[in-house]
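Novice: Structure incoming, see below.
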Amino acid sequence: MHVLVWNGGWTKSLLTAGLVVMAATALMISGCPMNSPEKCDCGLQAYNPDIDPEDFVDAIDNPYFPLVPGTTYLYESETEEGTEQVEVTVTDAKVEILGVECTVVRDTVTLEGEVVEDTYDWYAQDVDGNVWYFGEASMEFEDGMVRSTFGSWEAGVHCAKPGIVMKADPRVGQTYRQEYYACVAEDKATVIALGESYTVPYESYEDCLRTEEFTPLDPDAVEQKVYAPGVGFIFALADGERTEELVSITTK
């Protein structure tokens, strides 16, 4: 069963009934953020991807970004506040955005066992094998209550546009836009290495891909991410320190 969640034009999504309660709560209170496109340049005419639903496929099987429904990835980091865990679950839910059927991925962050962020991301793969990012419904929590939905966006709403999170044929030096929602979500990535080997708590991997992510909204926020073939994201590097290391993969 799918349910339409709508808050008057800010963000909409089709989610399975089991996801609606939290998503609806976040979307109804979100409104436009303080630095929304209404207060920024909404045009960005230079970036205007042509999205044709006929150019997309049902499955997401890019080797460096596979999304198989029923798969859950668990990542762990040690922070000054304690142990942070990120649970990423590929659901069997779909949401239609710009006519494209997108896979819903739930990303839940806990700090010392308490939920601090819960996000629903929307992805789709084109016929060439590129994985596109169509938006997210993001909720930040404090003391068990939703305190912010800043960072939420949906392609096609308020001039937001989808971007590519993983190229079909990544090559060193490629730079691509991962998302575009003026003044809110403007991440880009550059492929900086291929064919590397890494070990994380879960497993050792070869032929890994390493990217560097950055955003003009915060020039100091630079992060590297490592992806393993057949698995996807396995850890991040920030200021030379590893974060979000893969510790388990489970399937239903």
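Just so it is clear, none of the values below were taken in a lab; they were calculated from the coordinates. Computed from a predicted model, the values in this text were never measured in an experiment. When we count neighbours, we look across all protein chains shown, and the Cβ atoms used for this are built from the backbone with ideal geometry, even at glycine.
Novice: Whole-Hz ³J(HN,Hα) for each residue in region 194-211, computed from phi via Karplus 6.51 cos²θ - 1.76 cosθ + 1.60 with θ = phi - 60°, x for glycine and proline: what do you get?
Specialist: 9, x, 8, 10, 9, 10, 10, x, 7, 5, 9, 9, 10, 6, 7, 10, 10, 10
Novice: Hey, can you grab everything whose amide H is under 5 Å from the amide H of Glu196? Only 5+ residues off in sequence or another chain; H modelled, so Pro and N-termini drop out.
Specialist: When sequence neighbours closer than 5 places are left aside, the close amide H contacts are Asp207, Cys208.
Novice: Next question. By the gyration tensor of its Cα atoms, with a ≥ b ≥ c the square roots of the eigenvalues, what is the shape of region 185-243: rounded for a/c under 1.5, prolate for a/b over b/c, or oblate?
Specialist: Verdict is prolate for region 185-243.
Novice: Can you put Thr199, Thr190, Thr243 in order of Cβ neighbours within 10 angstrom, beginning with the fewest?
Specialist: Thr199, Thr190, Thr243
Novice: Can you pull out the GluC sites (Glu not before Pro) in region 109-198 whose DSSP state is coil and whose Cβ has at most 13 other Cβ atoms within 10 Å?
Specialist: Taking region 109-198 and a limit of 13 other Cβ atoms within 10 Å, the loop GluC sites (Glu not before Pro) found are Glu112.
Novice: For Ser152, which sequence-distant residues (separation of 5 or more, or a different chain) have an amide H within less than 5 Å of its own amide H, given hydrogens modelled in the peptide plane?
Specialist: Placed amide hydrogens put Ser138 under 5 Å from Ser152.
Novice: Can you run phi through the Karplus equation (6.51, -1.76, 1.60; θ = phi - 60°) for region 81-88 and list ³J(HN,Hα) in whole Hz, with x for Gly and Pro?
Specialist: Residue by residue, region 81-88 yields 8, x, 7, 10, 10, 10, 9, 10 Hz.
Novice: If I take the Cα coordinates of region 54-141 and project them onto the principal axes, what are the three extents in Å, biggest first?
Specialist: Cα spread of region 54-141 along its principal axes, largest to smallest: 46, 24, 20 Å.
Novice: Another question, then. How many nm separate the modelled label positions at Leu237 and Asp207, each set 7 Å beyond the Cα in the direction of the Cβ?
Specialist: 2.1
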